[in-house]
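Bear in mind that the values in this text are calculations on the coordinates, not laboratory data. From a predicted model like this one, the values you see are computed outputs, not experimental measurements. Neighbour counts run over all protein chains shown; Cβ positions are idealised from the backbone, glycine included.
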Amino acid sequence: MVLQKIPMTKSGEMSLKEELHTLIEARPALARAISEAREHGDLKENAEYHAAKDKQGLSEARIAFIQDRLKNAQVIDVTKIGKRDTVVFGATVTIYNEAEERTIRAQIVGEEEANLGAQKISITSPIARACIGKMVGDEIEVHTPGGEQSYEIVSIEYL
């Protein structure tokens with residue numbers, strides 16, 4: 001079985017490492033909360049104990065998930081890509097939808113980094129997939145639940 005590398009930007013890697021550090025640092029506090037809740041008596045009806053155990057389980061699952069992502073990461077430093085004429089992973093793309101008279105500007109990032117509010121879209125999103133390999137002035141078609149959407153690539157930046 002070949003493990004597939006997970007693309008992410010350098011800033012995405014740093015964010016995951018910070019989250020991992022925070023979760024690992026919180027382990028002793030979670031253990032104390034479980035221990036304190038255990039002292040309250042019967043574990044079958046001890047909601048505090050079960051809540052603390054659930055929180056610990058979710059935290060440990062997230063730690064394992066982040067460690068796996070980091071182990072299989074293909075980190076791409078966008079600042080070292082240089083000026084390119086085509087859209088590749090890490091590019092910040094501005095596209096325009098003439099029908100809706102709407103402009104969208106977003107950076108194409110890894111799945112873990114995607115955050116529409118921060119103008120970061122996943123490489124696996126329909127818009128990002130349609131943009132990859134295209135140049136300024138190219139038209140792209142994006143399949144959406146509401147039907148086909150047409151966009152024009154207005155600019156490509158590597159910040």
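Structure notes:
- Each Cα pair under 8 Å and six or more residues apart adds its separation to the average, and for the chain the resulting relative contact order is 23 percent.
- Taking 150, 122 and counting other C-beta atoms within 10 Å, the order from fewest to most: 150, 122
- Across all directions, the average flat footprint of the convex hull enclosing the Cα atoms of the chain is 13.5 nm².
- Region 79-157: C-alpha gyration tensor shape, a/c 1.5 cut-off, then a/b vs b/c: oblate
- Once you reduce region 18-55 and region 141-155 to the center of their Cα atoms, the two points are 47 Å from each other.
- Antiparallel content of DSSP bridges confined to the chain, in %, to 5: 75 percent
- Cα-derived Rg to Rh of region 6-76, Kirkwood definition: 1.17
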